[in-house]
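To start, the structure itself, in C-alpha cells.
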Amino acid sequence: MNVLLKTHDLCRRFGGLVVTDHVNLAVEANEIHALIGPNGAGKTSLIAQLSGTLRADSGTIFLADSDITTMPSHARVTQGLARSFQTSSLFNNHSMLANIALAVQARSGSSFRFWQPVASESELFEQARNLLVELGLTHREQVHAADLAHGEQRQLEIALALATKPNVLLLDEPMAGLSGEDSARMVAFIRSLKGKLTILLVEHDMDAVFQLADRISVLVAGRIIATGTPNDVRQNSEVRHAYLGDGPHGTDSR
C-alpha cells in the first residue's frame, strides 16, 4: 500500500468541543478517497488541518514521508498538497484563462504583474490553456469568472488548484449548491482526474460519493468509525446507524 497522505492521532478542540479526536487517516496514491459524515462531524476542520489553515493541537500529518504538521499552507502547496479554491478567491473581472494563468504564476514564480500586459507572459498562458484543454474547458476560456455559471465557477476553483500541479488535491464539497445537471457534470469532471493524482473528497452528496470513491472514511463526532470500499461502508451497521440510515445528512458546520 502506497500511502501518500496520512494522519496519526490528529486532535483539535475549540474550547470544550472536540472536532477531531485522534484521527488516523490513510489516503493511498492515485485513489479518490471520500470523507463523509453527519453535519458537525468535523470534516471541514480536518480538511483545514490538512491544508494548513488550522493548526492541530496534537498529532501528526505526513505527506509521503515528510512531516508537514507545522508547515504553513503555502509551503504545503510547494510540497504538492493543494486545496480547491473558494469562489471568493476568483478574480471576477478576469477571464477563466487569466485566472488560471495567475495560479500558474503563483506556482512558478514568474515575473507576471497585474499592471503588465497579460499577453506578454505567453508561457503562463500556454500552460493555462493546456490545462483547459485537458479539462475540456477551452470553449469558455475568455469568459470572465463573474459571468460563468455556478457549476463552471466550481470547476474553475478546482482548475486553479490543479494549476499548482499537486500530488494530493483536497476537495471540500465540490457539489455544494449545484443543480442536478451541474452535479452530473462535476462528477464527470472529477472522474476525469482519476488516476492522475490523489484526491481526498469531502462531500455530502452520497450518489456522487458512491460513484467516485475508491475508498470511504466515515467521520462521526470527530472520530473515524470506519474505512473501506463503498460496498464495505454500505454494509457497515455502525455507519448505517450513525449516518447512512436515519442519521442527519448535510455539510460540516465547521
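The values are calculated or read from the model by the stated rules, or taken from the named source; none is laboratory data. Not measured: the values here are computed from a predicted model. Reconstructed Cβ throughout: ideal geometry from the backbone, glycine too, with neighbour counts over all protein chains shown. Heavy atoms of the whole protein, side chains included, go into the accessibility calculation; ligands, DNA and RNA do not. Shrake-Rupley method; radii C 1.70, N 1.55, O 1.52, S 1.80 Å.
The table below gives the values:
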{"quantity": "Cβ pairs under 7 Å, 6+ apart, first in the range 38-59 and farther than 24 Å from Val239 by Cα and without any contact (Cβ under 8 Å) to a residue 12 or more places away in the chain, second open to solvent by 10 Å² or more (accessible area, probe 1.4 Å) and acidic (Asp, Glu)", "calculated": "none"}
{"quantity": "Flag for His74 being in a helix (DSSP H, G or I) and modelled with pLDDT of 90 or more", "calculated": "no"}
{"quantity": "Flag for Ala208 being out of contact with any helix residue (DSSP H, G or I) (no Cβ under 6 Å at 6 or more places or on another chain) and among the small types (Gly, Ala, Ser)", "calculated": "no"}
{"quantity": "Some residue of the range 16-23 being open to solvent by 50 Å² or more (accessible area, probe 1.4 Å) and among the aliphatic types (A, V, I, L, M)", "calculated": "yes"}
{"quantity": "Long-range neighbours under 6 Å by Cβ, at least six apart or interchain, first residue farther than 17 Å from Ile32 by Cβ within the range 215-242, second open to solvent by 30 Å² or more (accessible area, probe 1.4 Å) and assigned to a strand (DSSP E or B)", "calculated": "Gly222/Val18; Gly222/Asp21; Arg223/Asp21; Glu238/Ile225; Ala242/Val220"}
{"quantity": "Residue that is farthest from Val233 (Cα to Cα), among those in the range 195-214 that are touching a residue at least 60 places away in the same chain (Cβ under 8 Å) and out of contact with any strand residue (DSSP E or B) (no Cβ under 8 Å at 6 or more places or on another chain)", "calculated": "Lys196"}
{"quantity": "Residue count for the range 28-47, restricted to those that are of a type in the set (Val, Ile, Thr) and buried (at least 24 other Cβ atoms within 10 Å of the Cβ)", "calculated": "2"}
{"quantity": "Residues that are polar (S, T, N, Q) and open to solvent by less than 20 Å² (accessible area, probe 1.4 Å), drawn from the range 48-68", "calculated": "Gln49, Ser51"}
{"quantity": "Any hit, the range 121-128, residues being under 23 Å from Ala75 (Cβ atoms) and either modelled with pLDDT of 90 or more or part of a helix (DSSP H, G or I) (or both)", "calculated": "yes"}
{"quantity": "Output for the range 1-37, where each listed residue is small (Gly, Ala, Ser) and in contact (Cβ under 8 Å) with a residue 24 or more places away in the chain", "calculated": "Ala26, Ala29, Ala34, Gly37"}
